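Written out below as structure tokens is the structure these notes cover.
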Amino acid sequence: MIMQTKNGASFYQFPSFRKFSQIQHAVFTRHVGYSRGPFSSLNISVGIGDNEAHVRKNRRIISECIGRQSIVFANQVHGNHVLIIDDAYQDTDNSDNAPALVGDAMVTNLRQMALAIQVADCQAVMMYDPNRQVVANIHVGWRGSAQNIIARTVSVMHDRFGCHAGQLVAGVGPSLGPCCAEYVNYKTEIPQRYWAYKNESHHFDFWAISRSQLVEAGMRPENIFMSRMCTKCNSDIFFSYRGQGSTGRFAAVIGLR
Ligand SMILES: [Zn+2]
């Protein structure tokens, strides 16, 4: 990924997304924010023990970095519900109230309405349809992988917005890598069809699972960009639940300009 800095904040971008002038996207690092202690410093999540005034100011930092767009945050619950952000959500306030939306994927064709996934080891999977001008952002933890929320999102994009999977581009952001994704209780947690992605020491390659799910949903392999950055191995750059326990969440954001 390509590192950028703006207004003091640092974020990464998928090289394959940068040629599209109609979108903006960013995967923010944990650096340069107001939060302290385990949330230091650019934590963008409420309800996890951080000072909410600090979170509000942190959300303002990321909004400034993406042209002061409104940013939609959902309450992520490791389910497979896909939220469609349409005119009914136009008045969603970007930060001052607890998130009223509940879901782990968001899709929109609205301009100036960025979709944020809150991350600390799970994957943010971003998608863009340059033909239909639709963006999606998906929170994919192991439960999301097991439920294949990626396929559900692609199907919602098709049914609601007429997107064709063969024309989508996707990026899989920094998240727990196969180096660190040990699941000792995998027999009860992870469906057997995904055990093929496990090595002998019970480490799963959830990056490969997401890539397979995107291809199975109809995407072209060459349109999928894998960041291959492990959050636990890079817990100085990103928040990592496995690395730190009590920790903040970093922001992965995509929106139409
Ligand atoms: Zn790792």
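Side notes on the structure shown:
- Phi angles across segment 233-243 convert, under the Karplus curve 6.51 cos²θ - 1.76 cosθ + 1.60 with θ = phi - 60°, into 3J(HN,Hα) values of 5, 10, 6, 7, 9, 10, 5, 9, 5, 5, x Hz, Gly and Pro given as x.
- The residue list V134, V32, A181 was ranked by how far each Cα lies along the charge dipole of segment 2-256 toward its positive end, using unit charges on Cβ atoms, and V32 comes out on top.
- Computed [θ] at 222 nm, deg cm²/dmol, the chain (DSSP H ≥ 4; -39,500 (n - 2.57); rounded to nearest 500): -5500 deg cm²/dmol
- Computed with a 1.4 Å probe over protein heavy atoms only, the accessible area of K6 comes to about 90 Å².
- Whole-Hz ³J(HN,Hα) from phi, Karplus 6.51 cos²θ - 1.76 cosθ + 1.60, for segment 100-113, glycine and proline x: 8, 7, 10, x, 10, 9, 9, 10, 8, 10, 7, 7, 6, 9
- Taking amide H as placed 1.01 Å from N in the peptide plane, R257 has its amide H under 5 Å from the amide H of I23, Q24, Q112, each at least 5 places away in sequence or on another chain.
- 5 Å-binned pair-distance histogram of segment 176-252 (Cα, whole percent): 3, 14, 20, 20, 20, 16, 5, 1
- When all protein chains stay in place and ligands, DNA and RNA are ignored, the 1.4 Å accessible-area order of H164, H31, H25, largest first, is H164, H31, H25.
- Two-site FRET efficiency, V215 against A53, from Cβ-Cβ distance with R₀ of 51 Å, rounded to 0.05: 0.70
- Distance between the modelled labels on N7 and S246, one decimal in nanometres: 2.9 nm (7 Å Cα→Cβ projection).
- Near H31: Cβ cut-off under 13 Å, other residues only, Lys/Arg at +1 and Asp/Glu at -1. The net charge is +1.
- Amide H contacts under 5 Å for F239, placed H, 5+ residues apart: R30, F250
- M229, M106, reordered so the largest accessible area comes first (probe 1.4 Å): M229, M106
- Set of lysines near K57 by C-alpha distance (under 19 Å), chain-local residues within fewer than 8 positions excluded: K6
- Here the Debye sum runs over all C-alpha atoms of the chain as equal scatterers in vacuum, and log10 of I(q)/I(0) at q = 0.10 Å⁻¹ comes out as -0.43.
- For the pair C233 and S155, the difference between a 0.36 nm per residue extended length and the Cα-Cα distance amounts to 24.7 nm.
- Computed from backbone phi with θ = phi - 60° and the Karplus coefficients 6.51, -1.76 and 1.60, the 3J(HN,Hα) list for segment 152-168 is 4, 5, 4, 5, 5, 4, 5, 5, 8, 10, x, 6, 10, 4, x, 10, 7 Hz; x is used for glycine and proline.
- Per-residue extension of 0.36 nm, minus the Cα-Cα distance of E222 and R257, leaves a gain of 10.1 nm for this segment.
- Surface analysis of segment 2-256 yields an accessible area of 42 Å² per residue, using protein heavy atoms and a 1.4 Å probe.
- Heavy-atom accessible surface of the chain: percent carbon and sulfur, 1.4 Å: 45
- Each Lys or Arg adds one and each Asp or Glu takes one away; over the other residues whose Cβ falls under 11 Å from the Cβ of S63, this sums to +4.
The values are calculated or read from the model by the stated rules, or taken from the named source; none is laboratory data. These numbers come from a predicted model, not from an experiment. Because the Cβ atoms are built from the backbone with ideal geometry, glycine has one as well, and the counts that use them run over all protein chains shown. Surface accessibility is based on the protein's heavy atoms, side chains included, excluding ligands, DNA and RNA. Shrake-Rupley method; radii C 1.70, N 1.55, O 1.52, S 1.80 Å.
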